[in-house]
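Since the structure comes first, as structure tokens, the remarks are kept for the end.
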């Protein structure tokens, strides 16, 4: 068994596939297409180790089609043309699946070469990519394909794969007597970040490098697993207090203008395997809740970091999160806009719902019981693009700019406009 454990344990049937129930569950589109043998071109998009290649191979076996593999890393245009020519002239019959791993590595012209073969049915394309197809795959290809996003495997799914590898006597290590401590299994299931290949590789290293005890069993402890993955356990439960306490400390450190503390809590969450998109969402909230108009650029930085997390992914997007975290923590703070909308919503919930003034409605209409038409005054027609006009039936001040950062400038402008009314 020179083949790596992760390769040996690849599922051979749809029922063997673990996870991805959102596209492979009973009645889901992809399962229906495969089982009915009505396969069309498909692009699988998802993080490493989530089963893109495995699923492509299972599809080929289930539909009994020829399966030809190529790679966006090493294959070129000549390779693709040769594969497609062979599929047209030699293979034929049951049809050919052309699986291209890392298809995003092909440039535009290389991807365009595939179009005629995809259009005339010479091959059924299955592309796999860790990058968003909307950015990295040509529109003509995506428009001719079903695009499915695969998710990182859950800790429960990873644990199931580990158990399967330890019980399978032919492809796995079922022939070896093994004691796998619960805390060690839980740690490995969490720390691999949903990457089945990573988890199975670590398990294989642990089993091959750990001598059997006097009873002839290989005992895999938490210390052994941590050594094999070269990462230590961080006290952080994604669904319990560790999760909520850490993100709370993170946001409060930003609010308190302590970039060093904020970076520490960011680092802890990333090491513990927190979803970077969750962190990014909290940064976007903080940018408006805690910084607001004291630095209007804060929301742009936070949103850019959120987009970078989707575009780049881990581990590199940690850099984008760090930039946004330090920027927001160092920025001047104001919660004035946050407090303004909360106060307005509270008034409305208490029943203080004002009608829209007649001159602000979509059409100029006569007020009931009046022979006059209330006219809307277009501010751009007046000096300084401002004119006195009621925008609430019962005026009330909600937004009270702070004296921090750019919001101080906003406050001065509003005071200046107010002075013109007196």
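The values are calculated or read from the model by the stated rules, or taken from the named source; none is laboratory data. Quick caveat: nothing in here was measured; it's all calculated off a predicted structure. Don't worry about glycine lacking a Cβ; one is built from the backbone with ideal geometry, like all the others, and counts go over all protein chains shown.
See the values below:
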| read-out | value |
| --- | --- |
| Qualifying residue in the range 133-144 (condition: in contact (Cβ under 8 Å) with a residue 40 or more places away in the chain and surrounded by fewer than 13 Cβ atoms within 10 Å (Cβ to Cβ)) | yes |
| Filter pass, residue 87 being assigned by TED's automatic domain parsing to the domain that holds residue 141, touching a residue at least 12 places away in the same chain (Cβ under 8 Å), out of contact with any helix residue (DSSP H, G or I) (no Cβ under 7 Å at 6 or more places or on another chain) and on the phi < 0 side of the Ramachandran plot | yes |
| The lone exception for residue 322 - which of (1) surrounded by fewer than 17 Cβ atoms within 10 Å (Cβ to Cβ); (2) out of contact with any helix residue (DSSP H, G or I) (no Cβ under 6 Å at 6 or more places or on another chain) it fails | (1) |
| Which listed residue is in the same structural domain as residue 104 (by TED's automatic domain parsing) and more than 18 Å from residue 8 (Cβ to Cβ), from 189, 145 | 145 |
| Flag if residue 30 is in contact (Cβ under 8 Å) with a residue 60 or more places away in the chain, touching a helix residue (DSSP H, G or I) at 6+ places or on another chain (Cβ under 8 Å), over 23 Å from residue 311 (Cα atoms) and in a helix (DSSP H, G or I) | yes |
| Selection from the range 3-28 of residues that are surrounded by fewer than 13 Cβ atoms within 10 Å (Cβ to Cβ) and over 27 Å from residue 105 (Cβ atoms) | 13, 15, 16, 25, 26, 27 |
| In the range 292-315, residue nearest to the chain's Cα centre (by Cα) [restricted to those that are touching a residue at least 60 places away in the same chain (Cβ under 8 Å) and in a helix (DSSP H, G or I)] | 310 |
| Residue list for the range 344-375, restricted to those being under 24 Å from residue 416 (Cα atoms) and at pLDDT 85 or above | 344 |
| Qualifying positions in the range 41-60 - over 21 Å from residue 152 (Cβ atoms) and out of contact with any strand residue (DSSP E or B) (no Cβ under 6 Å at 6 or more places or on another chain) | none |
| Subset of the range 385-422 (residues that are more than 30 Å from residue 287 (Cβ to Cβ), in a helix (DSSP H, G or I) and in contact (Cβ under 8 Å) with a residue 24 or more places away in the chain) | 420, 421 |
| Subset of the range 61-101 [touching a strand residue (DSSP E or B) at 6+ places or on another chain (Cβ under 7 Å), part of a loop (DSSP other than H, G, I, E, B) and at pLDDT 85 or above] | 72 |
| Given (1) surrounded by 18 or more Cβ atoms within 10 Å (Cβ to Cβ); (2) in a helix (DSSP H, G or I), index of the condition residue 39 fails | (2) |
| The range 145-184, residues that are free of Cβ contacts under 8 Å to residues at least 60 places away in the same chain and out of contact with any strand residue (DSSP E or B) (no Cβ under 8 Å at 6 or more places or on another chain) | 155, 156, 158, 159, 163, 167, 169, 170, 174, 175, 182, 183 |
| Output for the range 194-223, where each listed residue is closer than 24 Å to residue 270 by Cα and either touching a strand residue (DSSP E or B) at 6+ places or on another chain (Cβ under 8 Å) or buried (at least 18 other Cβ atoms within 10 Å of the Cβ) (or both) | 194, 195, 196, 197, 198, 199, 200, 201, 202, 203 |
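Rundown of residues vs (1) over 25 Å from residue 69 (Cα atoms); (2) outside any loop (DSSP other than H, G, I, E, B), yes/no style:
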position	(1), (2)
131	no, no
135	no, yes
148	no, yes
158	yes, yes
163	yes, yes
166	yes, yes
171	no, no
174	yes, no
199	no, yes
